[in-house]
1. Need one number: nm distance between label points at residue 159 and residue 73, each 7 Å from Cα along Cα→Cβ, rounded to one decimal.
2. Going by how many other beta carbons lie within 10 Å of each one, how would you line up 131, 160, 100, fewest first?
3. Return the FRET efficiency for the residue pair residue 143, residue 110: r is the Cβ-Cβ distance, R0 is 45 Å, and the value is rounded to the nearest 0.05.
4. Using a Cα-Cα cut-off of under 20 Å, which aspartates and glutamates could be cross-linked to residue 142, ignoring same-chain neighbours fewer than 8 residues away?
5. When the distances between all Cα atoms of the chain are binned every 5 Å from zero, what whole-number percent does each bin get?
6. Can you give the FRET efficiency to the nearest 0.05 for residue 85 and residue 118, using r as the Cβ-Cβ distance and R₀ = 35 Å?
7. Counting helices only, and only those DSSP H runs with n ≥ 4, report the 222 nm mean residue ellipticity of the chain as the sum of -39,500 (n - 2.57) divided by its residues, in deg cm²/dmol to the nearest 500.
8. Using per-residue counts of other Cβ atoms within 10 Å, averaged over each peptide, order 109-119, 5-15 from highest down.
Amino acid sequence: MIDDNGYRLNVGIILVNQDNQLFLGRRIGHEDAWQFPQGGIRPNETPQQALFRELKEEIGLDPGHVRVLGKTEGWLCYDLPKRLIRQNASPLCIGQKQRWFMLGLVGDESHINLQASHTPEFEEWRWVPYWQPVHEVVSFKKDVYQQALIELEQALNRYWHPKAR
C-alpha cells in the first residue's frame with residue numbers, strides 16, 4: 001500500500017538473540033547489501049499481521065519462535081534515491097514509511113530458514129553487535145535504522161533478560 005504522500009507502508013524487523021546481537025541478512029545478488037528483514041503491508045492487514053507474515057516469508061520464523069519486545073511509537077520514513085524511483089509506476093512510490101518491531105528470539109536459531117518462501121530475500125545472515133547495522137545498511141536507510149535502534153533500545157533493556165551486553 002502506498003499512502004497519499006507516496007510512501008509505501010512497511011514493517012521493519014529487528015530480531016535479537018540471547019547474546020543481545022541482531023540478525024542482519026545479505027540480500028540475494030548484492031555483495032554489500034546487508035539489512036534487517038522488512039516488507040510491505042498489504043491492504044486490510046495490520047502492521048502486526050504484516051510483521052508475522054514477513055517474519056515467516058523472509059527468515060522462516062513463526063510467532064512462537066519470537067517474543068515481541070516493542071515497536072516504534074510512530075512511523076519512520078526514508079526517501080528512495082531518485083535512481084531507484086520507478087517513474088512509470090502508479091501510484092508513484094518515493095520511499096518507505098515503516099513501523100519497526102523488536103523481537104526476541106525464543107530458543108535457538110535452528111528455526112531460521114532463508115528458503116522459507118518461493119522468492120527468498122536473503123542468501124546469508126549473521127548476528128552482529130547492536131549498533132553495527134547503522135554502519136552497514138545502504139546510506140539512505142541509515143537515519144531510520146538509527147532512529148529505530150534508539151527508540152527500541154529501551155524495550156530491549158526493559159523486556160529482555162539476555163546475557164549482559
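1. So the label points at residue 159 and residue 73 sit 1.6 nm apart.
2. Ascending Cβ contact count within 10 Å gives the list 131, 160, 100.
3. It comes out at approximately 0.85.
4. Partners found: 31, 32, 73, 79, 121, 151, 153.
5. 1, 9, 18, 22, 23, 16, 7, 3, 1, 0
6. Using R0 = 35 Å, I get an efficiency of 0.85.
7. It lands at -7000 deg cm²/dmol.
8. 5-15, 109-119
Readers should treat all values here as calculations from the given coordinates under stated rules, not as data from a laboratory. Computed from a prediction, not measured in an experiment: that's the story for all the values here. Using ideal geometry, Cβ is built from the backbone for each residue, glycine included, and neighbour counts are taken over all protein chains shown.
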